[in-house]
Structures are given as structure tokens and as C-alpha cells.
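Undergrad: Sharing a structure below in C-alpha cells format, with a few things to ask.
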Amino acid sequence: GDLLPADGILIQGNDLKIDESSLTGESDHVRKAVDKDPMLLSGTHVMEGSGKMVVTAVGVNSQTGIIFTLLGAGGEEEEKKEKKGG
């Protein structure tokens, strides 16, 4: 499946199923539709169907970017604690 490069809202879809396991850990594919669960997240994969979306966030402002930023900030905090303790 194609990797979604940005967050967005589905505006047109045809039997769209997304693999969100990279963000949620859930292995089941999630069905997306304009009227039900239209949010598409960067870093997820399209497994079936097709669609069009309006991009709402890219890079560090996307959900994946926010997660990576938080993980990076947590790693820096750990490094500072280790330096002070040693």
C-alpha cells in the first residue's frame, strides 16, 4: 500500500481501508469514509480502495511528526539526567 505523506481529511473515497498499525499498534485495517472516520494520518498505509483528501498538516505538525518530536524530546531529557547523575 501507498504511504500517506501528510495528515488530511477524506473528501472522496471508494472502499478505502487504511493500515494504522504504525501509529496505533492495531493490526486490523480501518475502513475510512467521508461520513464516518474521515481523518487520514501520515505514516499510515492505504491497503485497499482509493480516495482524495485535503491536507491539514505536514512534517513536524502532523501526528507522526508530533510523536517523533515528543520521542526526541524525551530522549534528550534522559540524556540530561544521565549527565547530571554521572
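Undergrad: Could you tell me how many of the residues in segment 44-63 are touching a strand residue (DSSP E or B) at 6+ places or on another chain (Cβ under 7 Å) and either in a loop (DSSP other than H, G, I, E, B) or not polar (S, T, N, Q) (or both)?
TA: Just the residues of segment 44-63 that are touching a strand residue (DSSP E or B) at 6+ places or on another chain (Cβ under 7 Å), to begin with: 44-57, 62-63.
Narrowing further to those that are either in a loop (DSSP other than H, G, I, E, B) or not polar (S, T, N, Q) (or both): 44-49, 51-55, 57, 62.
Of the residues in segment 44-63, 13 are touching a strand residue (DSSP E or B) at 6+ places or on another chain (Cβ under 7 Å) and either in a loop (DSSP other than H, G, I, E, B) or not polar (S, T, N, Q) (or both).
Undergrad: Sticking with this structure for a sec: Hey, can you tell me all the residues within segment 43-70 that are among the aliphatic types (A, V, I, L, M) and modelled with pLDDT under 90? Please lay out each step first, then the result.
TA: Kept after step one, since they are among the aliphatic types (A, V, I, L, M), are these residues of segment 43-70: 46-47, 53-55, 57-58, 60, 66-67, 70.
Passing the criteria: only ILE67.
Undergrad: Also: Take segment 1-39 and flag every residue that is farther than 18 Å from ILE66 by Cβ, free of Cβ contacts under 8 Å to residues at least 24 places away in the same chain and in a loop (DSSP other than H, G, I, E, B).
TA: Those that are farther than 18 Å from ILE66 by Cβ, free of Cβ contacts under 8 Å to residues at least 24 places away in the same chain and in a loop (DSSP other than H, G, I, E, B): GLU26, SER27, ASP28, HIS29, ALA33, ASP35, LYS36, ASP37.
Undergrad: Still on this structure: Quick check on segment 39-60: of everything there that is open to solvent by 40 Å² or more (accessible area, probe 1.4 Å) and of a type in the set (S, T, N, Q), which residue is nearest to SER27 (Cα to Cα)?
TA: Among them, the one singled out is SER50.
Undergrad: Pick from segment 16-27 the residues that are of a type outside the set (Ser, Thr, Tyr) and at pLDDT below 95: which of them is surrounded by the most Cβ atoms within 10 Å (Cβ to Cβ)?
TA: Going residue by residue through segment 16-27, those that are of a type outside the set (Ser, Thr, Tyr) are 16-20, 23, 25-26.
Going one step further and asking which of them are at pLDDT below 95, we end up with 20, 23, 25-26.
Working: GLU20: 19, LEU23: 14, GLY25: 7, GLU26: 10.
Filtering first and then ranking leaves GLU20.
The values are calculated or read from the model by the stated rules, or taken from the named source; none is laboratory data. As the structure is a prediction and not an experimental result, all values here were calculated from the model. Positions of Cβ are generated from backbone atoms using ideal geometry, with glycine treated the same way; all protein chains shown enter the neighbour counts. What goes into the accessible areas is simple: the full protein's heavy atoms, side chains included, and nothing from ligands, DNA or RNA. Shrake-Rupley method; radii C 1.70, N 1.55, O 1.52, S 1.80 Å.
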